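Colleague: My structure is below; once you've seen it, I'll send some questions.
No value in this document is a laboratory result; all are computed from the given coordinates. Quick caveat: nothing in here was measured; it's all calculated off a predicted structure. Using ideal geometry, Cβ is built from the backbone for each residue, glycine included, and neighbour counts are taken over all protein chains shown.
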Amino acid sequence: MSKLAKRRALLLLNPKARRGQELIAPIVERLERGRLSVTVEKFEALPEIAR
């Protein structure tokens, strides 16, 4: 990967999951400190992921 290539992370969040209400800010911050561009996508059911 070239030095100019941007590294990205996709964080899938199911708010109805057992731990879905936990804060994700610390996780996002840690990924960003690792120079990742973070996108957070919320979903509620597995079929939504397949789209």
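Colleague: Using the crude model of +1 on Lys and Arg Cβ and -1 on Asp and Glu Cβ, and no other charge, please compute the dipole size for region 8-49 relative to its Cα centre, in debye to 20.
Modeller: Using only the charged Cβ atoms, the result is roughly 160 debye.
Colleague: Can you give the alpha-carbon Rg of region 8-49 over 2.2 N^0.38 Å, where N counts its residues?
Modeller: Expressed relative to 2.2 N^0.38 Å, the Cα Rg reads 1.21.
Colleague: Can you tell me how much longer the chain between Leu10 and Glu44 gets when fully stretched, taken as 0.36 nm per residue apart minus their C-alpha distance, in nm with one decimal?
Modeller: Working it through step by step, the gained length comes to 10.6 nm.
Colleague: Shifting gears a bit: Where does each of 13-21, 35-43 land if you order them by average Cβ count within 10 Å, highest first?
Modeller: Details: 13-21: 10.3, 35-43: 12.3.
Top to bottom by mean Cβ count within 10 Å: 35-43, 13-21.
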